[in-house]
Amino acid sequence: MARLWNRFWNHLSLRARLLLPMAAMVVGALLLGGLALQIVSPEQFENENAQAARSAERVANALNAALAVAGNPPQTLDAFADKLGRSETIAFVPPGTRPQRSAADRHHGNIPAWFTALLKVPELGSTHPIRIGVTHVGDIVFSPDLSPDIEEKWAGFVAIVSSSSALMLLAALSAYFTTGAALRPLAQLGAGLTRMRNGDYDAAIPLAGPPEIRKSCAEANQLAVTLRRLSQDNRNLLRKIVAVQDEERRELARELHDEMGPLLFAIRANATALSDPEAEGPPEPGSPAHGILSAAEALQQANRRVLEGLSPLSVADLGLAASVQTLLRNARSQAPGLRVTSRLDDRLDELDALLSQTAYRVIQEGVTNALRHAHATTMGVAATVNGDQIQLEISDDGTGLPPDLTFGRGLIGMHERVRALDGTLQLVREQGQTIVRCRIPLQNHVAR
Ligand SMILES: Nc1ncnc2c1ncn2[C@@H]1O[C@H](COP(=O)(O)OP(=O)(O)OP(=O)(O)O)[C@@H](O)[C@H]1O
Ligand SMILES: [Mg+2]
């Protein structure tokens, strides 16, 4: 029961939560009022008519006494009856004439029957027999008219009901508009928090509504300021990490190049010299010197590939567009069956070093992933500059991303680089194509 009530209550709006108890209070007050009327009214009716009831008894006693000593009792009785008249309250009724109607049975003007029933009007009438000698010649009948009392109570009841209804209406209107005025700023606060969750910290939440809500809005705005600063710090940090990472890779590439290059050259030269100092040309195939030479060449090629991966000289030297073309040429040679298409914007070479490097790394990882994981027949690379952002798309018609995709170093690195430049990265499957879509704002990155 309590759970059912909780579920019902939890679904009620704030307005309903205010109005429902108010309506319940008014209905409760009316029910209590009705109950009080029912308890108190019968006694009130009796008290108000007690005097008249006693008078009726006294009249009957006086008439019986007068008839007992009268010379001509019937004449005395007639004269008395005439004098008394046929008033509604105390009357002389000869035997066999109209039956008494109870006060509750009477019709009381426009008062609804349920109200009369609610009052529990008591039977206050009384009958006092009149005798001449031992003969019953009629009755003094007391039948009070309770209509004025009932009407008075009805008027009071109507006044209470209408004033409490009017009060309830006023309270309801006031609650309705007050909650409306409080809910509007709350809705704005909610919208502001949603904007913050989406990373928009610039639009301030208007300070409106009652002081408590205004304070919450002001605190949410403060939170936005703090989050904006933290987000900026975070981006700066990411930028630094990316820059340090690239610097480290360049350093590593330089070391590898400078250390390995001369050594490999020495190995090759010595292997050639070892074979046969007299002979011209390369050593005999199958000879140990030929083996050393082949291994040295393979090592040299592997070294070149590692160097290219670590620090693509081409981006700095050739520019982004030409570097991507080189990358795609290598991809074609690695996967001869793959159809590779590209759409590269002319303005790619106007981007500064950081953005060029980032864009290159994103394309490089996207292409490597397509070659390694997709088993595709076509692959497309597009890099376009649209208005104030660069958009990169690497698509393939391969197997698609696994349902339980977990980011490896490649996608994590790609994501970090893009985030460092305020960009967004999406991995989607659209019309049979796996697409890595990345957008990076140009901001201050158009250098040349
Ligand atoms: N084009 C694609 N088609 C299908 N699956 C893909 C594609 N690109 C990425 N994936 C999936 O996403 C996973 C994560 O890629 P990610 O580049 O992060 O790691 P990785 O390529 O496995 O290893 P590495 O860290 O060397 O890049 C991959 O293992 C692969 O399952
Ligand atoms: Mg990868």
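Tell me whether segment 343-365 contains one or more residues that are within 20 Å of residue 257 (Cβ to Cβ) and among the β-branched types (Val, Ile, Thr).
Scanning segment 343-365 turns up no residue that is within 20 Å of residue 257 (Cβ to Cβ) and among the β-branched types (Val, Ile, Thr).
Only residues that are surrounded by 16 or more Cβ atoms within 10 Å (Cβ to Cβ) and either farther than 17 Å from residue 47 by Cα or of a type in the set (A, V, I, L, M, F, W, C) (or both): list them for segment 135-163, please.
137, 138, 139, 140, 141, 142, 146, 150, 154, 157
Within segment 273-304, count every residue that is modelled with pLDDT under 80, surrounded by 12 or more Cβ atoms within 10 Å (Cβ to Cβ) and in a helix (DSSP H, G or I).
Within segment 273-304, residues that are modelled with pLDDT under 80, surrounded by 12 or more Cβ atoms within 10 Å (Cβ to Cβ) and in a helix (DSSP H, G or I) number 2.
Among the candidates 191, 181, 166, which residue alone is assigned to a helix (DSSP H, G or I), without any contact (Cβ under 8 Å) to a residue 40 or more places away in the chain and assigned by TED's automatic domain parsing to the domain that holds residue 64? I'd like the intermediate steps shown before the answer.
Details: 191 fails: assigned by TED's automatic domain parsing to the domain that holds residue 64; 181 fails: assigned by TED's automatic domain parsing to the domain that holds residue 64.
Just one listed residue meets the conditions, 166.
Just to be sure, is residue 252 in the same structural domain as residue 291 (by TED's automatic domain parsing), closer than 30 Å to residue 292 by Cβ, open to solvent by 60 Å² or more (accessible area, probe 1.4 Å) and modelled with pLDDT of 85 or more?
On the way: in the same structural domain as residue 291 (by TED's automatic domain parsing): yes; closer than 30 Å to residue 292 by Cβ: yes; open to solvent by 60 Å² or more (accessible area, probe 1.4 Å): yes; modelled with pLDDT of 85 or more: yes.
For residue 252, the condition - in the same structural domain as residue 291 (by TED's automatic domain parsing), closer than 30 Å to residue 292 by Cβ, open to solvent by 60 Å² or more (accessible area, probe 1.4 Å) and modelled with pLDDT of 85 or more - is met.
State yes or no: is residue 437 crowded, with 17+ Cβ neighbours inside 10 Å and assigned to a helix (DSSP H, G or I)? Break it down stepwise before answering.
Details: crowded, with 17+ Cβ neighbours inside 10 Å: yes; assigned to a helix (DSSP H, G or I): no.
For residue 437, the condition - crowded, with 17+ Cβ neighbours inside 10 Å and assigned to a helix (DSSP H, G or I) - is not met.
Go through segment 390-406 residue by residue and tally those that are within 12 Å of ligand 2 (Cβ to nearest atom) and touching a helix residue (DSSP H, G or I) at 6+ places or on another chain (Cβ under 7 Å).
Qualifying residue count for the region: 1.
Just for segment 417-430: of the residues that are more than 18 Å from residue 309 (Cα to Cα) and at pLDDT below 90, which one is farthest from ligand 2 (Cβ to nearest atom)? Don't jump to the end; show me each part of the working.
Within segment 417-430, the subset more than 18 Å from residue 309 (Cα to Cα) is 418-430.
Now restrict to residues that are at pLDDT below 90: 419-422.
Details: 419: 18, 420: 19, 421: 20, 422: 23 Å.
Going through the qualifying residues, I end up with 422.
Could you list, in sequence order, the residues of segment 1-15 that are more than 17 Å from the chain's Cα centre (by Cα) and open to solvent by less than 80 Å² (accessible area, probe 1.4 Å)? I'd like the intermediate steps shown before the answer.
Residues of segment 1-15 more than 17 Å from the chain's Cα centre (by Cα): 1-6, 8.
Listed by number, the list holds a single entry, 2.
Please state which of the following conditions residue 333 fails to meet, knowing it meets all the rest: (1) closer than 27 Å to residue 243 by Cα; (2) outside the structural domain of residue 274 (by TED's automatic domain parsing).
(1)
The values are calculated or read from the model by the stated rules, or taken from the named source; none is laboratory data. Everything quoted here is computed from the prediction, not taken from an experiment. We place every Cβ from the backbone using ideal geometry, glycine too, and count neighbours over all the protein chains shown. The accessibility values were calculated without ligands, DNA or RNA, using every heavy atom of the protein model including side chains. Shrake-Rupley method; radii C 1.70, N 1.55, O 1.52, S 1.80 Å.
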